[in-house]
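What follows is a set of notes on a single structure, which appears directly below.
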């Protein structure tokens, strides 16, 4: 009984009254005969989706709880949900609107405050979803190791959390748009559509960076720079069409087809320019939403069994 | 509506299954749940800085330019050819000195460390409860309970039903409304065990998670492990406290330098271990 092989011998002797490997049967064959499986297998896609649906309470509760606890250490508490985007917008207004003189340029619809804040709010939504997504798996390792659940619940919850935060930002945004003199139009009915498309895109992006961030920690150092470059390239403070007039066609097209720019354009069309989004904007927004979601989901799912290992 | 009906029928199905399981439990006992077949685990440790190569930025750059791997990598052969079979209803204690490969073995069974050689076969997905497994430390105990239950796939109704039992079992009382970061290590461990054991696991791996509890909690957790065994789950327990193992386990594996030194009845193995 004191040899390492004792388990086999012990099992073969039937000492425990349980099923035992037959004479000459390897442990691998024995395991297979009893339907035991090796390591964690990745569930098939439909099963995985069903499991995710079963975890919907987890996703919603996790997002809400994180939101509520997020500012619990600060004096102003939940007010920061509103103050942070406003302060951001104020800084940009000072720098770009006043000092760099963007506010009187053509293409901003004559209402630079609303133009800028729309851009900042829409971009911040994507930015925060991506940043959160990158940490969603890597900062929840103990949860992943202790309990079983489809790991995609985590980036999903993080994106949902940002969507809940966006509720506050949207209320502020709409108040500012109204105060600065834009009328309410029927086009505003499309606001939920715009948000839905952007949320789908954000979710896809969050899933992609979640997988990358789970295995390559350097991503958390790099992402802020990538996101800042994206911010400057997405026409948050300026009108892409007006500012890029001298540039090559291809570059202008790349700037406008960029998802962040498309979602910003969509929202500005509804809130400020009082025009239906162009076919180009529609196609870009829908394309990026579906593309990111499908690619992101598959990419994340393909590594499902590897999260939390090592 | 269709969704609801579907869910109901699923719940009914699960209940039927559960009832079935209770009836069948004695028969299930003989069935193996974990087969470990000549398992070797070698893992790499980074950052064991040697004296002449310090980890500054210039060295990091040179390393990448020279296309070398990460620096100061050391290989640790933690588990060296371990084989055993565990059955439904077993509670297996794993003992051994620090660094004998106990925790590594548990992590490998949980599927968290890929085997270097050999394999681990399991029935279902094992759950690992470790010492440092604070679930979500910024959130309150109450949120952790609710979220933990949801993550294990419970429905809101089941969570409401289990909630009081979990609080009561963990014995954290009014601390349930404070964030887990404010808990003592003992309270955290108790709450985690209470949450994880609210559901029946096929294979539950406990790594020192019970070590920090007080006497009362020890008694309750032993009772819970006994229940799990009766429900035909398999429990692995790593502990330095031999009393816990003696009172809870029906089988003990003694790990020494990455190998099994002894495997068998608690009395025999424990007395040999203490003599050693």
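Computed from the coordinates by the stated procedures, all read-outs in this text should not be read as laboratory data. These figures come from a predicted structure and were not determined experimentally. Glycine gets a Cβ as well: all are built from the backbone with ideal geometry, and neighbour counts include every protein chain shown.
Some points to look at:
- Per-residue [θ]222 nm for the protein assembly as shown (sum of -39500 (n - 2.57) over DSSP H runs n ≥ 4, rounded to 500): -17000 deg cm²/dmol
- Region A:90-226, relative contact order in percent, only Cα pairs under 8 angstrom and at least six apart counted: 36 percent
- Cβ crowding within 10 Å, taken as a proxy for footprinting-reagent exposure, orders B:190, A:228 from fewest neighbours to most as A:228, B:190.
- Counting, for every residue in B:149-159, the Cβ atoms of other protein chains within 10 Å of its Cβ and taking the mean gives 5.
- Gaussian network model of chain A, springs between alpha carbon atoms under 10 Å - residue of A:129, A:74, A:65 with greatest fluctuation: A:74
- Residues A:62, A:232 in ascending order of nearby Cβ atoms (within 10 Å, fewest first): A:232, A:62.
- Out of every Cα-Cα pair that the protein assembly as shown contains, those further apart than 37 angstrom amount to 45 percent.
- Average other protein chain Cβ within 10 Å of Cβ, residues B:172-183: 0
- Relative packing of A:80-91, A:202-213, which averages over residues the other C-beta atoms within 10 Å, highest first: A:202-213, A:80-91
- Listed residues A:146, A:262, A:134, most fluctuating in chain A (Gaussian network, C-alpha, under 10 Å): A:146
- Among A:256, B:165, A:249, a tally of other beta-carbon atoms within 10 Å of each Cβ gives an order, fewest to most, of A:249, B:165, A:256.
- Under Stokes-Einstein, with the Kirkwood radius over Cα pairs as Rh, the value for chain A at 25 °C and 0.890 mPa s is 110 µm²/s.
- Take each residue in A:47-57, count the other chain C-beta atoms within 10 Å of its C-beta, and the mean is 2.
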